[in-house]
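The values are calculated or read from the model by the stated rules, or taken from the named source; none is laboratory data. Everything numeric here is computed off the predicted structure, so don't read it as measured data. Cβ: placed from backbone, ideal geometry, glycine included. Neighbour counts: every protein chain shown.
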Amino acid sequence: MTRKCGFTLLVLTGLLCVPLCGCADKLTREHYEMIVVDTSTKTDVEYTLGEPSNQLPDQWHYERPDKHLNVFIHFSDQDVVTRKQWVDSMSTEWDDTQSPPADRSHHESTTIRTINQ
């Protein structure tokens, strides 16, 4: 009888774990690093990072407000990755595969807003 109960418990534990395995968040730094500019496709990105939070024809946005994380993936007309950005506000880490312009003076602006409560 004990052997049968042990087997039943093992099977039930396995059945409970199966649905949980598919629920893990794929949006990790390790998975982000697997995306290769000029090589990875939209299919590759969705398989690696999961379904995006927002989609435009040439850009996907992944957002995790609880982690203060935003990831942007840009695509060519052929659906190949042209640029990727990892913006982690918690750790202040910002990775961008596109270099800023050499002369940044013409491309920067600053807006200061005061919010009165």
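Some observations on this one:
- Filter result (touching a residue at least 12 places away in the same chain (Cβ under 8 Å) and not hydrophobic (A, V, I, L, M, F, W, C)) within the range 62-76: Tyr62, Arg64, Lys67, His68, Asn70, His74, Ser76
- Any hit, the range 21-36, residues being surrounded by fewer than 10 Cβ atoms within 10 Å (Cβ to Cβ), in a helix (DSSP H, G or I), over 13 Å from the mean Cα position of the chain (by Cα) and at pLDDT below 95: yes
- Here Thr39 fulfils each of the conditions (1) touching a residue at least 12 places away in the same chain (Cβ under 8 Å); (2) assigned to a helix (DSSP H, G or I); (3) surrounded by fewer than 17 Cβ atoms within 10 Å (Cβ to Cβ) apart from (2).
- Where strands (runs of 3 or more DSSP E) sit wholly within the range 44-105, those with at least 1 residues that are touching a strand residue (DSSP E or B) at 6+ places or on another chain (Cβ under 8 Å) and of a type in the set (D, E, K, R) occupy 59-64, 81-88, 93-96.
- Matching residues in the range 40-67 - criterion: being of a type in the set (A, V, I, L, M) and within 18 Å of Glu30 (Cα to Cα): Val45, Leu49
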